[in-house]
Every structure is written in structure tokens, then in C-alpha cells.
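> One structure is given below, represented as C-alpha cells, and several questions about it will come after.
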């Protein structure tokens with residue numbers, strides 16, 4: 001039997017387990033992206049340093065390596081590049097370059113929502129010379145965001161036209177377009193949902209509570225905790241599954257991933273924030289901790305064994321048997337001197353995994369290329385109440401300090 005040759009598009013820590021699993025299953029694994037020292041490259045059979053946006057360059061590499069599969073996930077940019085590279089290299093992919101734009105470019109996504117009758121916050125396009133009256137369509141406060149950014153960067157809650165102008169160039173810098181979007185600010189409960197189309201049928205992987213905390217005036221509240229499964233799963237499941245199925249049919253995905261962020265206010269229903277052709281990053285491991293489903297195995301089965309993919313979903317219960325949570329600590333810019341409190345918290349019972357992104361002597365930074373968080377923990381528990389109690393303990397205990405003893409971390413708050 002000929003050995004499979006798989007290209008993994010992405011080398012950061014999110015891809016390490018995927019590469020390890022592929023190799024354990026006898027798949028020759030080639031990791032490629034623009035990060036020369038990406039951690040997943042150390043575990044691959046072969047690695048290339050080619051910017052994923054170099055579509056022709058990566059496609060040429062795929063052909064030269066005689067790859068019979070390509071895979072990526074966990075970010076909008078990687079999903080977009082995956083689709084375009086696969087089309088160039090003649091490799092299997094769940095979407096087309098024409099249709100992936102509806103899952104990547106927010107103005108096109110909003111137009112798709114309009115055509116499908118999907119409830120979504122009102123959104124308008126703003127050029128640098130916009131008139132104040134244009135904001136009447138969304139009201140104030142509103143949210144401004146890049147037209148096709150990723151990683152939740154360049155997003156602000158603003159209360160006036162003057163604030164928008166002060167943030168305009170920063171927000172636009174995270175996009176390939178010279179305009180930005182302004183959107184009605186929805187303050188309802190927020191959720192992350194992951195699904196998979198399997199032979200034309202939509203299967204639910206998970207719905208999670210996406211909790212936020214507010215630290216800096218004018219900044220959008222930052223994600224501080226994601227909890228699996230959501231306490232509202234049964235209340236929202238039917239409505240949001242119907243929405244995702246409409247989108248899947250519109251973009252022509254019959255077998256492949258779709259993830260959605262949405263708002264829900266009891267008595268008012270659902271509003272969709274955005275939908276993506278990928279799995280969520282920096283939290284997909286929580287599905288494994290709470291329900292036993294391996295997202296890495298899902299991705300590999302999509303490429304090489306769709307029958308096994310279907311069997312995984314046939315055995316899956318999106319209500320899960322346990323609870324899990326990701327705790328995400330953001331930080332102010334500054335040089336780290338002491339992480340002992342963060343290290344001590346990692347040893348508490350119920351902390352399944354931890355990652356301290358900055359060590360003493362390193363500087364917490366923001367902007368393009370910055371690390372996503374300062375500290376991250378994954379927690380597990382048999383009951384939601386236990387998870388909440390452990391969360392409160394970590395919110396009080398975790399610190400990353402500078403040389404003067406100042407805590408550089410944003411303060412996280414429990415959602416009511």
C-alpha cells in the first residue's frame with residue numbers, strides 16, 4: 001500500500017497534536033507555513049518555510065512532494081489559503097475559491113445572510129471620509145472591525161464618529177481592504193458553535209458559551225472563558241442548526257467544517273455574528289476533554305476516510321459527558337519578570353493543561369504577529385458548578401508580574 005503524503009498548512013502549537021497523530025497513523029507529514037521555527041515542524045517528516053499566502057509557491061511544493069492530501073484549520077486565513085492552494089494543486093477540498101469568499105470577506109458574508117434571511121446585526125461599510133449621518137443605520141455605541149481580518153484584532157466598541165476616526169487606520173491595517181465595517185453592538189449572550197457537513201447532512205459537534213470581560217475603555221470586551229457544553233444548547237440548537245445548513249447549501253459544502261459565532265437573548269432570539277469554513281482554534285481541545293471527540297482525527301478522516309468520519313459523528317453526543325473550559329488571560333504591554341503565580345495555578349486539581357506564552361525577560365506585545373494570549377488554561381470537571389469554582393480561583397490567583405511587581409494581566413470577570 002502506498003504511503004499517504006499529507007501537507008499540513010500551519011505549524012503553530014495548535015497543529016502539534018495533528019502532526020503527531022498523522023505520523024502515528026503512518027502518514028508522511030509535510031508541514032508548511034512562513035514560520036521558520038513553528039513548533040509543529042519539529043515533529044513532521046519534512047517542513048517548508050513558505051508563506052501560506054504564496055498560493056502558487058505552496059501548490060508547486062505540493063506537486064513536487066506528490067502530496068495526496070492537504071489540511072488546515074483553526075484560522076480564517078489558513079482556511080482561505082487551504083481552499084485556494086488545493087484548487088491550484090488539484091487536491092481534495094470541501095469548498096471552492098469562489099465560495100470561500102462568502103466565509104472570509106465580511107461584506108460578502110452579510111450579503112449572503114441577507115439573501116438567506118439570516119438574522120444578523122446591522123452592518124455598514126465605512127470609508128475614511130465617511131459622514132457622521134452614515135452611522136444612523138447602526139446606532140451608537142457600535143462595533144468597528146476589519147473587512148476581512150482574523151484573530152479578533154482591530155475591533156473596537158465606539159461611542160462617537162470621532163472615536164471611529166481615531167481608530168480607523170488601525171482597524172483598516174488588519175485588512176486587505178481600505179475600508180472598515182461598523183456594526184450594531186449586540187450585548188446578548190455569545191456562543192461558539194462547531195458543525196460538520198457529512199454527505200449533505202449537518203452534524204453538530206458542539207455549542208459553547210463564549211464569555212467576555214471588559215478591561216480597557218473603548219476596546220471590545222476580550223474573550224476570557226469558553227465553556228463546553230453551553231448551558232443554552234437545547235434552547236438554541238434547532239434555530240442555529242437550520243441557519244448553518246442554509247449557509248452550507250449556499251456555499252456548496254456537502255462534507256466539511258463550518259463554525260459559527262452567534263448571539264442569543266432570551267425572548268429575542270438569535271443573531272449571527274459570523275460563520276467560517278473551519279474549526280475554532282485555541283479551544284478545539286476542549287471538545288476532547290469534555291466529550292472525547294478528537295478534532296485532529298476528524299480532520300484526518302475528512303482527507304482519507306469519510307466513512308470513519310461519519311462513524312465518529314454517529315457515536316457523538318454534543319451534550320457531552322463532562323464539562324471543560326478554556327481560560328484566556330490577555331496582558332498589557334510590558335516586560336515579564338515573574339510567572340510563579342501562573343505556574344502554581346497550573347498545578348491545581350482540575351487544570352488539565354496550561355500554556356504560559358511569555359517567560360521572564362520576554363516582552364508582552366500587541367499587534368500583527370503577537371501571541372494570542374499571555375496565559376491559557378484548560379479546565380475539566382464533572383459538574384458546571386465545580387468548573388465555575390475553579391475558574392473563580394484562577395481569576396483571583398493567576399498573575400504575571402513585571403520587575404516592579406505590577407500584574408500585567410487583564411482582569412477577568414465571571415459572566416452572570
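> Which one of the conditions (1) in the same structural domain as residue 267 (by TED's automatic domain parsing); (2) assigned to a strand (DSSP E or B) does residue 143 fail to meet, given that it meets all the rest?
In the conditions (1) in the same structural domain as residue 267 (by TED's automatic domain parsing); (2) assigned to a strand (DSSP E or B), residue 143 misses (1) alone.
> Let me ask another. List every residue pair whose Cβ atoms lie under 7 Å apart, where the two residues are 6 or more positions apart in sequence or sit on different chains, the first residue falls within the stretch 161-176 and is under 20 Å from residue 132 (Cβ atoms), and the second residue, located anywhere, is assigned to a helix (DSSP H, G or I).
161/132; 161/135
> Here is a list: 358, 377, 373. Which entry is part of a strand (DSSP E or B) and either at positive phi or in contact (Cβ under 8 Å) with a residue 12 or more places away in the chain (or both)?
Working: 358 fails: part of a strand (DSSP E or B); 373 fails: part of a strand (DSSP E or B).
Going through 358, 377, 373 in turn, the sole match is 377.
> Okay, moving on. Across the stretch 1-20, which residue is nearest to residue 65 (Cα to Cα) among those that are surrounded by fewer than 21 Cβ atoms within 10 Å (Cβ to Cβ) and in contact with a strand residue (DSSP E or B) (Cβ under 7 Å, 6 or more places away or on another chain)?
The residue in question is 5.
> Within the stretch 170-185, does at least one residue satisfy the condition of being closer than 30 Å to residue 304 by Cβ and surrounded by 22 or more Cβ atoms within 10 Å (Cβ to Cβ)?
Checking the stretch 170-185: not a single residue is closer than 30 Å to residue 304 by Cβ and surrounded by 22 or more Cβ atoms within 10 Å (Cβ to Cβ).
> Where residues in the stretch 257-287 are over 16 Å from the mean Cα position of the chain (by Cα) and farther than 12 Å from residue 192 by Cα, which of them is surrounded by the fewest Cβ atoms within 10 Å (Cβ to Cβ)?
Out of the qualifying residues, it is 267.
> Related question: Could you tell me which numbered condition residue 116 fails, if it satisfies all but one of (1) touching a strand residue (DSSP E or B) at 6+ places or on another chain (Cβ under 8 Å); (2) under 21 Å from residue 264 (Cβ atoms); (3) touching a residue at least 40 places away in the same chain (Cβ under 8 Å)?
(1)
> Something else: Can you run down the residue pairs with Cβ atoms below 8 Å, 6 or more apart or on separate chains, where the first is in the stretch 66-86 and assigned by TED's automatic domain parsing to the domain that holds residue 261 and the partner is part of a loop (DSSP other than H, G, I, E, B) and buried (at least 21 other Cβ atoms within 10 Å of the Cβ)?
none
> Residue check: is residue 307 outside the structural domain of residue 173 (by TED's automatic domain parsing) and farther than 25 Å from residue 239 by Cβ?
yes
> Still on this model: Please determine whether any residue of the stretch 166-183 is under 30 Å from residue 313 (Cβ atoms) and assigned to a strand (DSSP E or B).
The answer is no, given that none of the residues of the stretch 166-183 is under 30 Å from residue 313 (Cβ atoms) and assigned to a strand (DSSP E or B).
> Here are some conditions: (1) more than 21 Å from the chain's Cα centre (by Cα); (2) in a helix (DSSP H, G or I); (3) at pLDDT below 95. Residue 86 meets all but one. Which one does it not meet?
Going through the list (1) more than 21 Å from the chain's Cα centre (by Cα); (2) in a helix (DSSP H, G or I); (3) at pLDDT below 95, residue 86 breaks only (3).
> What number of residues in the stretch 127-150 are surrounded by 15 or more Cβ atoms within 10 Å (Cβ to Cβ) and under 30 Å from residue 81 (Cβ atoms)?
8
> Sticking with this one: Scanning for something at pLDDT 95 or above, surrounded by 15 or more Cβ atoms within 10 Å (Cβ to Cβ), in contact with a strand residue (DSSP E or B) (Cβ under 9 Å, 6 or more places away or on another chain) and farther than 19 Å from residue 251 by Cβ, does the stretch 89-106 turn up at least one residue?
yes
> Something else: Only one residue in 295, 351, 287, 272 is free of Cβ contacts under 8 Å to residues at least 60 places away in the same chain, within 30 Å of residue 236 (Cα to Cα) and not assigned by TED's automatic domain parsing to the domain that holds residue 77, so which one is that?
Going through 295, 351, 287, 272 in turn, the sole match is 351.
> Which one is farthest from the chain's Cα centre (by Cα) among residues in the stretch 9-20 that are in a helix (DSSP H, G or I) and closer than 16 Å to residue 72 by Cβ?
Among those residues, the one meeting the criterion is 19.
The values are calculated or read from the model by the stated rules, or taken from the named source; none is laboratory data. Being a predicted model, the structure only gives us computed values, none of them experimental. When we count neighbours, we look across all protein chains shown, and the Cβ atoms used for this are built from the backbone with ideal geometry, even at glycine.
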